[in-house]
Amino acid sequence: GAVLAANPAVERLLSAGEPLAALAQLFPRHQPERLAAHLTELKRQGQAATVIPFSRADSPPRWLELHSCAIVGDESLALAVLTDATERYEEELAGRAAIRFYETVCHNLAAGVMVIDSHFTIQRANSAIARFYKTTPEALVGRKCHEVIHRSPTPCSRMGEICPIATSLATGAPFQVVHRHLDADGAPRFIENRVAPLPDPNGTVVSFVAMFNDQTEIRNVQERLEAKTHELERLNQELLAQQEQLAVQAEELKRANFELITLSAAKDEFVSAVSHELRTPLTALRESVALVADGSLGPLNSRQAEFLNLAHRNCCRLTELINDLLDLSKIEAGRLELKPGSFDICRLSAEVCATFASAAAKKGLKLDCPQADRPDGIQVFADERLIRRVLTNLVSNAVKFTDQGEVVVTVAIQSGDAVVTVADTGIGIRKEEQPRIFQKFHQAAGNDGTRPPGTGLGLALAKELVELHQGRIWFESEADRGSKFFFTLPLDNSLARFRLLLSRSCLANQTLGLLLVALADPGRLEPAGAPEALDTIVRLAEHGPFAGCRAQILPETGEVTLTCTCRDADELATRASRLRKLLQGATFTVHGEPVRVRLRMNCLFLKQPAGKTPEELLVELRKGEQDVN
């Protein structure tokens, strides 16, 4: 084991301060048997190879590979080649760990998985598919897939069914089909079977990975939905047949109106049910495709990975489409409930920009939000969750349609509103496309005439959500010069809160009652006292004569405003009188201590449309205030 000579590369490889004199310097001191085994094999076979863990105090541990070969004619000498095998050896260790990881994932998937060769023989099976047939993965290996799945000695293609394995073998591409399978008890089940080819190193397809998802419940729901659809069609035909009578018969008109309302509710229920039922299989499909695409279920060539990634992106687009459709449906039906509150729009803009920072960086874009560090911020009064959706749609579009340059999100105060601007240096919007940019399902085409992928609902939804907050949304754009999208939100003040309360309360052809309760001298209360007193007023109103009504606190003026639908002014006066008595007998506490609170109150009865602006209504309410106690 003595080293007689070594080239300079050995010393550089070992980073040694002294020349290598013996092979023992390479081997761990606590494992002398490894050197002995290497020398013994060298003497016996004329050559030997060993991987050695090598470490020094001043450098990280490495793996060295030693190849020794005896010199012909002189058995006492050998030539040795020493190489750094750290990267390759660690890759081998990582590969073994990855195999164990993928096997663990495969056996713990909810979906059944089999690897089947081109002769329909099961080579591997996970626990989920074994449980489905009440057996073990080992018992399935070696059996024909058609014997297990269809209980048939011949392949399913010979029984008139589409065989996904035969189809995938013929096309060289993944294939998906829904088959009627029998479970272990002989009960029929509808199973979604997705097969993808697994080529060998030479590119020849020799086996397939098959994923099985039980779609029986989904199929049952679909059948029920189809039955409901037929029922709705039948009802619609009946309504068409009765239209001639509706013009002359008042009772028929009332009945038809009732049926129409029922039909509309059924339609909304149908759309909602379809959307929710689509989410579950779509999520399963998206995650399954993602598992295959990232190599979790085996290696992929570049073409397979390309198609799987395409499928995964389309699954994500479908999910976004379903969510946007549901929200738009709620807005159109007047069932999207706002939950407004006070928040800093500068902070929210910075958070949304941070979400897209990675996507912008991948495209080499600068994504900036100059007001992110504004110390005082800009407080607006709106539903933060919905405004986050608006900002997300606008920033996402800006990043998606910008290939170079920057995307800048700014916030400013103009004419009593907060104005948010999302500017980019992207492809812009052609003039002929601009009038339809906020229409549902419309995607603006680029200069080459192609339309980018997307649902075409993002801007339509953003417009509806902004206008739901009594704001405006508009844009400025020029082809190849970028775009600027603007939208306004009300600043957090009493008028903005009252205006939004009215917009949420007003319904066509309904009478509306307005009530205002104010602290007569809020300055007498300590800073925490006024909010506690206002909360007490709201609690008494909502649990008393104004139950089910809408309430809004105006903290800067020490007022509470309430709205309710009522038949006439007498009903409103009765409610207000009952609330007055409750307030006269109420106990107000601040930090647990009773305090004296003087209140003033007034109410207005409106026949819609009122013909007055929110500003005028608020002034009128305040002018007619009367002492409560």
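The values are calculated or read from the model by the stated rules, or taken from the named source; none is laboratory data. Everything numeric here is computed off the predicted structure, so don't read it as measured data. Here the Cβ is made from the backbone with ideal geometry for all residues, glycine too, and neighbour counts use every protein chain on show. Just the protein is used for accessible areas: all its heavy atoms, side chains included, with ligands, DNA and RNA removed. Shrake-Rupley method; radii C 1.70, N 1.55, O 1.52, S 1.80 Å.
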TODO: Might you work out the accessible area of residue 590 for me, using a 1.4 Å probe with all protein chains in place, and round it to the nearest 10 Å²?
DONE: 10 Å²
Open item on the list: Rolling a 1.4 angstrom probe over the protein chains, ignoring ligands and nucleic acids, what is the accessible area of residue 234 in square angstrom, nearest 10?
Closed with: 100 Å²
- [ ] Under a cut-off of 25 Å between alpha-carbon atoms, report the lysines in cross-link reach of residue 366, not counting same-chain residues fewer than 8 places apart.
- [x] 400, 484
Open item on the list: Suppose the chain between residue 74 and residue 221 were pulled fully straight at 0.36 nm per residue; how much longer would it get relative to their current alpha carbon spacing?
Closed with: 44.6 nm
Task: Degrees between helix 384-400 axis and first principal axis of the chain (Cα, 0 to 90, nearest 10) - done: 50 degrees
Open item on the list: Can you give me the solvent accessible area of residue 150 with a 1.4 Å probe, rounded to the nearest 10 Å²?
Closed with: 30 Å²
Open item on the list: Let me check against my output: what whole-number percent is the relative contact order of the chain, with C-alpha pairs under 8 Å and at least 6 apart?
Closed with: 6 percent
Open item on the list: Out of the total accessible area of the chain (probe 1.4 Å, heavy atoms of protein only), what percent is carbon and sulfur?
Closed with: 53 percent
Task: With Cα atoms, 0 to 90° folded angle of helix 529-542 axis to the chain main axis - done: 80 degrees
Open item on the list: Suppose R0 equals 41 Å. What FRET efficiency, 1/(1 + (r/R0)^6) with r the Cβ-Cβ distance, do residue 479 and residue 385 give to the nearest 0.05?
Closed with: 0.75
Open item on the list: Taking the Cα centre as origin and putting +1 on Lys and Arg beta-carbons and -1 on Asp and Glu beta-carbons, what dipole magnitude results for the chain, to the nearest 20 debye?
Closed with: 740 debye
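What pairs in 363/463; 339/607; 339/362; 228/607; 254/339 have C-alpha atoms more than 30 Å from each other?
Violating the 30 Å limit, Cα to Cα: 339/362; 228/607; 254/339.
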TODO: Return, ordered by residue number, the residues of the stretch 1-25 whose backbone nitrogen is under 20 Å from a label point located 7 Å along Cα→Cβ of residue 83.
DONE: 6-15
Open item on the list: At most 13 other C-beta atoms within 10 Å and a DSSP loop state: those are the exposed GluC sites (Glu not before Pro) I care about. Give me the longest piece of the chain that has none.
Closed with: 1-336
Open item on the list: What number comes out for accessible area per residue over the chain if the probe is 1.4 Å? Units Å², please.
Closed with: 55 Å²
Open item on the list: To test your reading of the geometry: what angle, between 0 and 90 degrees and rounded to tens, separates the Cα axis of helix 569-584 from the longest principal axis of the chain?
Closed with: 70 degrees
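How much length is gained on full extension from residue 124 to residue 96, taking 0.36 nm per residue of separation minus their Cα-Cα distance?
Numbers: separation 28, 0.36 × 28 = 10.08 nm, distance 1.81 nm.
So the extension gain works out to 8.3 nm.
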TODO: For an R0 of 22 angstrom, estimate the FRET efficiency from the Cβ-Cβ distance between residue 110 and residue 306 and round to the nearest 0.05.
DONE: 0.25
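Starting from the residue with the highest accessible area, list 358, 127 in decreasing order, probe 1.4 Å.
358, 127
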Open item on the list: Nearest 500 deg cm²/dmol is fine: what mean residue ellipticity at 222 nm does the chain get from its DSSP H runs of n ≥ 4 alone, each adding -39,500 (n - 2.57), divided by its residue count?
Closed with: -14000 deg cm²/dmol
TODO: Evaluate the distance, in nm, between pseudo-label points positioned 7 Å from the Cα of residue 392 and of residue 241 along their respective Cα→Cβ axes.
DONE: 4.7 nm
